[in-house]
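Participant: This is the structure I want to talk about, given as structure tokens.
The values are calculated or read from the model by the stated rules, or taken from the named source; none is laboratory data. Because the structure is a prediction, the values reported are computed rather than measured. When we count neighbours, we look across all protein chains shown, and the Cβ atoms used for this are built from the backbone with ideal geometry, even at glycine. Ligands, DNA and RNA are stripped out before the accessible areas are found, and what is left, the full protein with its side chains, is counted by its heavy atoms. Shrake-Rupley method; radii C 1.70, N 1.55, O 1.52, S 1.80 Å.
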Amino acid sequence: MRITRLLAAAGVGVLLPLVAYASEVAVADLVGTDGKSRGQVTLTEGPNGVLIQVRAANLAVGEHGFHIHETGSCAPDFSAAGGHYTPGGSGHGFMHPDGPHAGDLPNIHAGATGNARADVFTDAVTLAADADNTLFDADGSAIIVHEGRDSYGAEAGAGGREACGVIERQ
């Protein structure tokens, strides 16, 4: 009986840190330029940043630039999403001498079936409403999957926008 209580107490002690941190979750339902579903991106706030999980389908085979964009809109041709999300005003690309801006994310790769799966972590953004780098500012944010690969340099070079999803709280 005493061992059971100790184990139960130990289990509670292990779970308390997990319960104490209530993570926020947001999703972006990706749609293509044809209006058809292209999958979903889930964003989960953790104690050290945001985990971004991409589950995309029906993309062109190959590498795709993958970014957070500054406006939460995917109006007709996805141009309403604006440019890359840059709350700190940094230059573009992981290879930029001053570092990437908050919207820069690694390329994703769609295999022969057009499916892409990736888990990306960033501490450059947050889902918290009261932060300077929140994805939920006055006009929101969106996820864009580009037609081509990002160069990681000063100019993205990723081409047109293949899919878009507005980031929404769950």
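Participant: Just to verify a result, which residue in the stretch 57-75, among those that are open to solvent by less than 30 Å² (accessible area, probe 1.4 Å) and in a strand (DSSP E or B), is nearest to residue 115 (Cα to Cα)?
Facilitator: Top of the filtered list is 62.
Participant: What about residue 141, is it in contact (Cβ under 8 Å) with a residue 12 or more places away in the chain, surrounded by fewer than 19 Cβ atoms within 10 Å (Cβ to Cβ) and out of contact with any Lys or Arg (no Cβ under 8 Å at 6 or more places or on another chain)?
Facilitator: Numbers: in contact (Cβ under 8 Å) with a residue 12 or more places away in the chain: yes; surrounded by fewer than 19 Cβ atoms within 10 Å (Cβ to Cβ): no; out of contact with any Lys or Arg (no Cβ under 8 Å at 6 or more places or on another chain): yes.
Answer is no for this residue.
Participant: Quick check on this structure: which one of 146, 101 is closer than 18 Å to residue 48 by Cα and open to solvent by less than 20 Å² (accessible area, probe 1.4 Å)?
Facilitator: 101
Participant: If you go through the stretch 96-103 one residue at a time, do you hit one that is small (Gly, Ala, Ser), under 20 Å from residue 152 (Cα atoms) and over 13 Å from the mean Cα position of the chain (by Cα)?
Facilitator: First, the residues of the stretch 96-103 that are small (Gly, Ala, Ser): 99, 102-103.
Those still in the list that are under 20 Å from residue 152 (Cα atoms) too: 99, 102-103.
Now restrict to residues that are over 13 Å from the mean Cα position of the chain (by Cα): 99.
Yes - at least one qualifying residue is present in the stretch 96-103.
Participant: Which pairs have Cβ atoms under 8 Å, sit 6 or more apart or on different chains, and link a residue in the stretch 24-46 that is part of a loop (DSSP other than H, G, I, E, B) to one that is open to solvent by 30 Å² or more (accessible area, probe 1.4 Å) and basic (Lys, Arg)?
Facilitator: Going by the 8 Å Cβ cut-off, the qualifying pairs are 24/169; 33/161.
Participant: Answer yes or no: is there a residue in the stretch 89-97 that is touching a Gly at 6+ places or on another chain (Cβ under 7 Å), farther than 18 Å from residue 166 by Cβ, among the hydrophobic types (A, V, I, L, M, F, W, C) and open to solvent by 40 Å² or more (accessible area, probe 1.4 Å). I'd like the intermediate steps shown before the answer.
Facilitator: The first filter runs over the stretch 89-97 and keeps only residues touching a Gly at 6+ places or on another chain (Cβ under 7 Å), leaving 90, 93, 95.
Next, from what is left, pick out any that are farther than 18 Å from residue 166 by Cβ: 90, 93, 95.
Then drop every residue that is not among the hydrophobic types (A, V, I, L, M, F, W, C), which leaves 95.
Right, trim to open to solvent by 40 Å² or more (accessible area, probe 1.4 Å) and you get 95.
Among the residues of the stretch 89-97, at least one is touching a Gly at 6+ places or on another chain (Cβ under 7 Å), farther than 18 Å from residue 166 by Cβ, among the hydrophobic types (A, V, I, L, M, F, W, C) and open to solvent by 40 Å² or more (accessible area, probe 1.4 Å), which makes the answer yes.
Participant: Can you name the residue in the stretch 114-128 that is at negative phi and either in a loop (DSSP other than H, G, I, E, B) or among the basic types (Lys, Arg) (or both) and is also surrounded by the most Cβ atoms within 10 Å (Cβ to Cβ) among such residues? If you could, list the steps in order and put the result at the bottom.
Facilitator: As a first pass, look at the stretch 114-128 and keep what is at negative phi: 115-128.
So of that shortlist, the ones also either in a loop (DSSP other than H, G, I, E, B) or among the basic types (Lys, Arg) (or both) come out as 115, 117, 123-125, 127-128.
Details: 115: 15, 117: 14, 123: 11, 124: 20, 125: 23, 127: 19, 128: 13.
So the residue we want is 125.
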